[in-house]
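As structure tokens, the structure follows; a few thoughts come after it.
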Amino acid sequence: MSIGKKVVITGVPGVGKTTVIDASMEALKAEGISYTSINFGTCMFEVACDQSIVNDRDEMRKLDQEVQKSLQKTAAQVIAKIQENIIIDTHCTVSTPGGYLPGLPSWVLQELKPDVIVLVETDEDQILKRRLSDTTRSRDMEGYAAIKDHQRYNRYMAASYSMFTGCTVKIIKNLDFLLENAVSEMVELLR
Ligand code: AMP
Ligand code: MG
């Protein structure tokens, strides 16, 4: 039996990864192509809840680094068992009090073996605005420069993940009022 396609989708908090994924999956369904979308953070959060160490998914990035890595490893092992077309909604790096934590360190990449890593990006001012208007999440209050640094660092990390696994890296812009452009690029990639 052939193993499905594995697409990792990343982007800084508030860039609209989940929105792009949901709309792309909907468009593909109409063509009879099915993907299962897995949220890496949700997998980690379920493990963290079982251990009663957090109440909110946005508390996880403040946990001790070793605890985050342990949750990350467990989530990767769970996701690795899925043998169908999957979209993994996650982060290239997580901004923690101790610095940028790699979202896909070698042991995670070895489990997931992605075919492609997508970086969803947009202008920093748009991200700032999206974070401010999202009342459902405890987003970090970062300025324009910090968001710019984070997006740039994510590109460096995506390059290193690509060197490590041989996967491709695809950059998709999710600009204000142009969601349909991001979706059509994503659909083309997933088809
Ligand atoms: P999200 O809903 O995508 O913003 O993810 C929620 C939280 O899950 C993030 O703030 C991180 O704490 C954690 N998370 C998600 N993906 C990863 C990953 N690959 N490695 C480490 N932590 C992650
Ligand atoms: Mg999301």
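Under DSSP H, which helices of the chain have Cα atoms covering 20 Å or more of the helix axis and a Kyte-Doolittle average no less than -1.0?
Length and hydropathy pass: 65-80, 144-165.
Contour minus end-to-end for residue 26 and residue 59, with contour as 0.36 nm per residue of separation and end-to-end as the Cα-Cα distance?
So the chain would gain 8.8 nm between residue 26 and residue 59.
Which whole-angstrom value gives the distance between the alpha carbon centres of the stretch 79-128 and the stretch 131-145?
Using only Cα atoms to place each centre, the spacing works out to 19 Å.
How much of the accessible area of the stretch 67-189, in percent, comes from carbon and sulfur atoms when a 1.4 Å probe is used?
Roughly 55 percent of what the probe reaches on the stretch 67-189 is carbon or sulfur.
Non-local amide H neighbours of residue 94 (under 5 Å, H modeled in plane, Pro and chain starts lacking H): which ones?
Under 5 Å from the amide H of residue 94: 101, 103.
May I ask you to give the solvent-accessible area per residue for the stretch 1-51, in square angstrom, as obtained with a 1.4 angstrom probe?
Per-residue accessible area for the stretch 1-51 comes out at 46 Å².
Under 10 °C and 1.306 mPa s, how fast does the chain diffuse according to Stokes-Einstein, given a Kirkwood radius computed over C-alpha pairs? Answer in µm²/s, whole number.
My calculation gives 94 µm²/s for D.
What residues qualify as long-range amide H neighbours of residue 173, i.e. H under 5 Å apart, gap of 5 or more or another chain, H built at 1.01 Å from N?
Long-range HN contacts for residue 173: 121.
The values are calculated or read from the model by the stated rules, or taken from the named source; none is laboratory data. Just so it is clear, the structure is predicted and the values come from calculations on it, not from any experiment. Side chains are part of the model used for accessible areas, which takes the heavy atoms of the whole protein and leaves out ligands, DNA and RNA. Shrake-Rupley method; radii C 1.70, N 1.55, O 1.52, S 1.80 Å.
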